[in-house]
Amino acid sequence: MTWGLVLDLLGTFFFAISGSLLAAQRGFDIVASLLLGSLTGLGGGVIRDLIIGVPPVAFAEPVHLIPPVVAAVLVYFLSGIVQRYSRTLLVFDAAGLAVFCTTGTVTALTAQMNPIAAVLLGVTTGVGGGLLRDVVANRDPQLFNPHDLYAVPAFLGAALIAALAWAGWLNVVTLYLAALVVFVFRVLSLRHHWHIPHAQGPWPRG
């Protein structure tokens, strides 16, 4: 059990919780909750590994399947609390985004990919699971919400990891600090409704 694996499992759990919470809010049963949580928690990493050209870690190391199961069970027995704290989904989603955009970048760098490609794969790892979750649950993807900064924190975290690696300062402590920066930035953006200025319209809807 390494620190990297611990962080990866935490990210899987956080994202799986967000997927299972969405399933509970939509009135899905526990099987659907497990499937949606698994898709959210493992989807980004699977996409990353397929692009790199290695067997997905989620299938090579079955321990990654444990967090989605735990998440689905927890949400199933705490569904009443979920209704009272609907914004919990966003907090867990922010935690998963913070973990995966950083560990995804590290994985890409370890695979000898150049920094730009590593950053892009880090972002893909961070937003991929949430994108798949929203599409499967028939919800407008959070990634494309014009009133949100979903991808910006992921780019920040991935770029920060790439810069730390280039400077030779990347270690367990700086990795966790980078993930914390992304999480805080994401939560603040949700709290204060930060968003990128839109292009001036009005634009015709087609």
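Some notes on this structure:
- Taking residues in region 23-45 that are on the phi < 0 side of the Ramachandran plot and touching a residue at least 12 places away in the same chain (Cβ under 8 Å), and partners anywhere that are of a type in the set (A, V, I, L, M) and surrounded by fewer than 16 Cβ atoms within 10 Å (Cβ to Cβ), the pairs with Cβ atoms closer than 7 Å and at least 6 places apart or on different chains are Leu34/Val69.
- Screening Arg87, Arg133 for residues that are modelled with pLDDT under 90 and of a type in the set (D, E, K, R) leaves exactly one candidate, Arg87.
- Residue pairs whose Cβ atoms lie under 7 Å apart, sitting 6 or more positions apart in sequence or on different chains, and linking a residue in region 135-161 that is without any contact (Cβ under 8 Å) to a residue 24 or more places away in the chain and assigned to a loop (DSSP other than H, G, I, E, B) to a partner that is surrounded by fewer than 22 Cβ atoms within 10 Å (Cβ to Cβ) and not aromatic (Phe, Trp, Tyr), are Asp140/Asp134; Pro141/Leu131; Pro141/Asp134; Pro141/Val135.
- Val31 being assigned to a loop (DSSP other than H, G, I, E, B), more than 24 Å from Val173 (Cβ to Cβ) and open to solvent by 60 Å² or more (accessible area, probe 1.4 Å): no
- Subset of region 170-184 (residues that are surrounded by fewer than 18 Cβ atoms within 10 Å (Cβ to Cβ) and assigned to a helix (DSSP H, G or I)): Val172, Val173, Thr174, Tyr176, Leu177, Leu180, Val181, Val184
- Unmet criterion (only one of (1) farther than 23 Å from Met113 by Cα; (2) surrounded by 24 or more Cβ atoms within 10 Å (Cβ to Cβ)) for Arg48: (1)
- Residue check for Phe15: open to solvent by less than 10 Å² (accessible area, probe 1.4 Å), modelled with pLDDT under 90 and either not in a helix (DSSP H, G or I) or not polar (S, T, N, Q) (or both): yes
- Qualifying position, being open to solvent by less than 50 Å² (accessible area, probe 1.4 Å) and closer than 22 Å to Thr2 by Cα, among Ala137, Ala98: Ala98
The values are calculated or read from the model by the stated rules, or taken from the named source; none is laboratory data. Everything numeric in this text was worked out from a predicted model, so none of it was measured. No Cβ is skipped: glycine too gets one built from the backbone with ideal geometry, and neighbour counts run over all protein chains shown. With ligands, DNA and RNA removed, areas are computed over all heavy atoms of the protein, side chains included. Shrake-Rupley method; radii C 1.70, N 1.55, O 1.52, S 1.80 Å.
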